[in-house]
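Working notes, beginning with the structure itself.
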Amino acid sequence: MAEAHQAVAFQFTVTPEGIDVQLSHQALTEIYRSGVRSWKKRIIRLKNSVITGVYPASPSSWLFVVIAILATMYTRSDPSMGLIAKIQEHMPVSPTMSTQCQAVVSAVLFSTMLWLLLIFTMRLCLKQLLSYHRWMFEQHGKMSNTTKVWVALVRIFSGRKPLLYSYQGSLPNLPVPTIKDTLKRYLESVRPLMDDAQYEHLTNLAAEFENSLGKRLQWYLKLKALWASNYVSASIGNNLLIQYHLFIFHLISSFCFFSPQDFLYVTPTPIQAARAGNSIHAFFLYRRKLHKEEIKPVSTVIPLCAAQCERIFNTTRTPGEETDTVQHWQDSDYIVVYHRGRYFRLRVYQAGRLLSPREIEFQIQRILDDPSPPLKGEAKLGALTAGDRIPWAKARKAYFSSGVNKRSLDYIERAAFFVTLDDDEQGMMGDDPAASLDCYAKSLLHGKCYDRWFDKSFSVVYYKNGKNGINAEHSWADAPVLAHLWEYTLAIDSFQLGYNAEGHCKGDVDSSLPRPQKLSWEIPPECEEQISQSLAVAQALADDVDFHVFSFRDFGKGKIKKCRVSPDAFIQMVLQMAYYRDQTTFCLTYEASMTRLFREGRTETVRSCTNESSAFIRALEGGETADVCRRLLRAALEKHQQLYRLAMTGSGIDRHLFCLYVVSKYLRVDSPFLKEVLSEPWRLSTSQTPVQQAELFDLVNYPEYISCGGGFGPVADDGYGVSYCIVGDDLINFHISCKHSCPNTDAHKFGAQVRQALLDLMQLLNPKQKEPNKTEESRPEIKKDL
């Protein structure tokens, strides 16, 4: 209780002699410094809002315009064409103000209005320029004159040194595709999956929908697009996943959890507390850059929407009986740490400054050394966030809406992020490194089902041997946003902060730091029963997940590009071939594509199984000549690239159809066509985790400092989930998941099919290469200090 008393600025006691008041100078000092820190952040936010608000101009350009107008006035010319005189004529003035002073004030007002008009014009021009997407459809290496002019204009209107959110107001709105185009592309995508009778039935349903209900739903959707910056997010709330009222942990099957891993072959330090000290400090350095908007906007040729970055920290998903909500708080100066069934509140700011890595290590070690047992019902409390959402929503309302439980739950939900200190050791180790790597990935995906807080935007897991990783909830953002944070943290941890010779964080410790505060709970038996039920549901699903991780080192994107094909399209064809060899059929395939070229854009689906891909695979497996197969393969690769470009530029299929379905539910009308579309299972769900900050890692001098990427679970009970990460020019990492309960799927078997398909497709495109050694090497993990 001592830590709790330190947080109280004053106490008073009513006695017969009067009121006895006791002041805590330490607490008052902390309140004062916290207030100063809060006001500094408000001033920074205000400053950045002004800079972003006038972008692509700058605040100093206002002074330039004012001086220019005043200078022209003193040369006896009127650039306002009489507007300054009109302003002066109608401006309320003091009798003591001279005529010359009135003229100056009027000129300043005119200059300000002219400056604002110029900003509006520049932003409008930039928005129109960013709406041009023909450059994506041009042949690689060949740029049209129109695109060359466009590139020059974008550079002119983009300004200099943009902040993270500078482009937000200039990004175009997501367009609504036409019903006719969406249905045409949809029917084309399902043709290789259906026989003639099934396809004819679906075609008739689509025609009926297009000529009747579809027109009405499309009209409502276009109406919404007029006032909403993104018709998808406006139609379905924060995220597609948030509207599906399923329990979070079941959404392992719906890519709800993204689990990035640590370095594959290196552990910077074997000391758990030290690893936590460095990386937690790095997380807050990233958050500081985020608050100051110092992170460079992510861009392809043009900038991408950064709206998702706002919710990385201080964010949680709150359960509801109708639908869940995503809550975000402006700031939080602490994290919540879970260790051996106890929850601790650890403040990372002291006297207005961020604790050093060594000080955070010291505090983490205090938690590790704390011998206190968990309170009644506390140890497996996190299982509530892993089970069915409706019971969790009811339990939250019944047992966590007041008193000590509400206070402790608020601490968790308002924390910057969640930390788990795991007693297990993970990574590539032991006699079977490949199996241990699978175990490592599976642990990050779900842990023990109660030692993560699955509602938090992300939880960081630190293992006993110094390995770490992230478990992320998916409704608030997509994988590339978190991957950007993770890349920064890994690089700062190892290449900037580093460790001393003993493996501890560098620097000194202030031993007077207050101890981490252990959270208190009063869990009734009824709540304990619900915890047990939620744990049973989550554990059953976790035990059913089969996970396999492997690195492919025979070649990477370097050799693929030499064949003049897209690495992503190549891997998608590999997955199509692997699935066909595994199941002897084709399936509906999901590949995640981004729509962040548009404001508030999230994702769109690329349906990778096409007529072209299925024709190629049938030809190859049917023994056609290499020339025929090569021609069909290039046609399939080009088709995939075309679909990916369409998805990125707002002409996808699935988000449009889903929004039409949402509108139909609002209007309480049923569509047999939309029901059939949304009932189709995604038996192959795929996603690429891009490396966005390669400049942070020196893979030439430190080739072992590579991350294995991240993974997720299968969408369908009888399907596969595949995540892949292209690292450098010579490495591709794969995460493959499925369910043990399905007799027709096996993650390891599918992994072997993927590896063989990679070799076969490269042999087809580059027949002169030698057959590589097909036995995969397992490199031992090394521990290294920089």
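The values are calculated or read from the model by the stated rules, or taken from the named source; none is laboratory data. Treat the numbers as computed from the prediction; the structure is a model and nothing was measured. Quick reminder, even Gly has a Cβ in these numbers, built from the backbone with ideal geometry, and neighbours come from all protein chains shown. Surface accessibility is based on the protein's heavy atoms, side chains included, excluding ligands, DNA and RNA. Shrake-Rupley method; radii C 1.70, N 1.55, O 1.52, S 1.80 Å.
Scanning residues 5 or more positions from Asp546 or on other chains, those with amide H under 5 Å from its amide H are Cys738, Lys739, His740, with H placed 1.01 Å from N in the peptide plane. Take 424-437, 310-323 and order them by the average number of nearby Cβ atoms within 10 Å per residue, most first; the result is 310-323, 424-437.
Around the amide H of Ile295, modelled in the peptide plane, lie the amide H atoms of Leu164, all under 5 Å away and 5 or more residues distant in sequence or on another chain. Taking the Cα of Glu310, stepping 7 Å toward and past its beta carbon, and measuring to each backbone N in segment 51-72: which are under 19 Å? Zone members listed by number: 51-56.
Excluding Gln102 itself, what net charge comes from residues whose Cβ is under 13 Å from its Cβ, given Lys and Arg +1 and Asp and Glu -1?
Numbers: positive: Lys86; negative: Glu89.
Around Gln102, the surrounding residues sum to 0.
On the chain, 56 percent of the accessible area sits on carbon and sulfur atoms, based on a 1.4 Å probe. If you find the alpha carbon centre of segment 326-341 and of segment 693-719, how far apart are they in angstrom? So the two Cα centres are separated by 26 Å.
Report D for segment 409-551 in µm² per second (integer): Stokes-Einstein, Kirkwood Rh on Cα pairs, 25 °C, 0.890 mPa s. Numbers along the way, then the final one.
Details: Rh = 17.9 Å.
Diffusion coefficient, whole number: 137 µm²/s.
Residues with beta-carbon under 10 Å from that of Arg358, excluding Arg358: net charge, scoring Lys, Arg +1 and Asp, Glu -1? Walk me through the numbers on the way to the answer.
Working: positive: Lys506; negative: Glu359, Glu361, Asp508, Asp510.
Within the 10 Å Cβ shell, the charges total -3.
Every Cα-Cα pair of segment 272-544 was included, and the share exceeding 36 Å stands at 13 percent.
Excluding same-chain neighbours fewer than eight residues apart, the lysines reachable from Lys215 by a Cα-Cα span under 26 Å are Lys180, Lys184, Lys224, Lys665, Lys675. Close amide H partners of Arg515, meaning residues 5 or more places away or on another chain with modelled amide H under 5 Å apart, do not exist here.
Please give the contour-minus-distance gain from Glu621 to Thr584: 0.36 nm per residue of separation, less the Cα-Cα distance, rounded to one decimal in nm.
Values: separation 37, 0.36 × 37 = 13.32 nm, distance 1.03 nm.
Length difference between fully extended and current span is 12.3 nm.
Volume per residue for the chain equals 235 cubic angstrom (convex hull of Cα atoms). Annotation for Glu322 and Asp510: the two label points, set 7 Å from Cα along the Cα-Cβ direction, are 4.7 nm apart. Spin-label model, Glu680 to Gln763: label points 7 Å out along the Cα-to-beta-carbon direction sit 3.3 nm apart.
How large is the helix-only mean residue ellipticity at 222 nm for the chain, computed as the sum of -39500 (n - 2.57) over DSSP H runs with n ≥ 4, divided by its residue count, in deg cm²/dmol to the nearest 500?
Working: 25 runs with 357 residues, N = 786.
Result for the chain, helices only: -14500 deg cm²/dmol.
Here the Karplus relation 6.51 cos²θ - 1.76 cosθ + 1.60, evaluated at θ = phi - 60°, turns the backbone of segment 636-641 into coupling constants of 5, 5, 5, 5, 5, 4 Hz, with x for every Gly and Pro. Here the chain carries DSSP beta bridges of which approximately 75% are antiparallel, counting only pairs with both residues inside.
Kindly give Rg over Rh for segment 43-195, based on alpha-carbon atoms, with the Kirkwood expression for the hydrodynamic radius. Show your work: numbers first, answer last.
Details: Rg = 23.9 Å, Rh = 19.8 Å.
Here Rg/Rh amounts to 1.21.
If you take the beta carbon distance between Met81 and Ser58 as r and set R0 to 45 Å, what does 1/(1 + (r/R0)^6) give as a FRET efficiency, to the nearest 0.05? It would help to have the intermediate numbers written out before the result.
Working: r = 27 Å, r/R0 = 0.59.
It comes out at approximately 0.95.
Scalar couplings 3J(HN,Hα) for segment 219-224, obtained by applying the Karplus form with A = 6.51, B = -1.76, C = 1.60 to θ = phi - 60°, are 4, 5, 5, 5, 4, 5 Hz; x denotes Gly and Pro.
Remark: segment 409-422, residue by residue, has Karplus-estimated 3J(HN,Hα) of 5, 4, 4, 5, 5, 8, 5, 4, 6, 10, 10, 10, 9, 8 Hz, where x stands for each Gly or Pro and the curve is 6.51 cos²θ - 1.76 cosθ + 1.60 at θ = phi - 60°. When only the Cβ of Lys, Arg, Asp and Glu is charged (+1, +1, -1, -1), the dipole of segment 59-157 relative to its Cα centre reaches about 460 debye.
Each peptide in 67-78, 345-356, 592-603 was scored by the mean count of other Cβ atoms within 10 Å over its residues; highest first, the order is 592-603, 345-356, 67-78. Given R0 = 35 Å, the distance between the Cβ atoms of Cys742 and Ile44 translates into a calculated FRET efficiency of 0.10.
Once the chain from Phe137 to Ile156 is taken as fully extended at 0.36 nm per residue, the excess over their C-alpha distance is 4.5 nm. Thr585 sits among other residues whose Cβ lies under 15 Å from its own Cβ, and their net charge, with Lys and Arg +1 and Asp and Glu -1, is -1.
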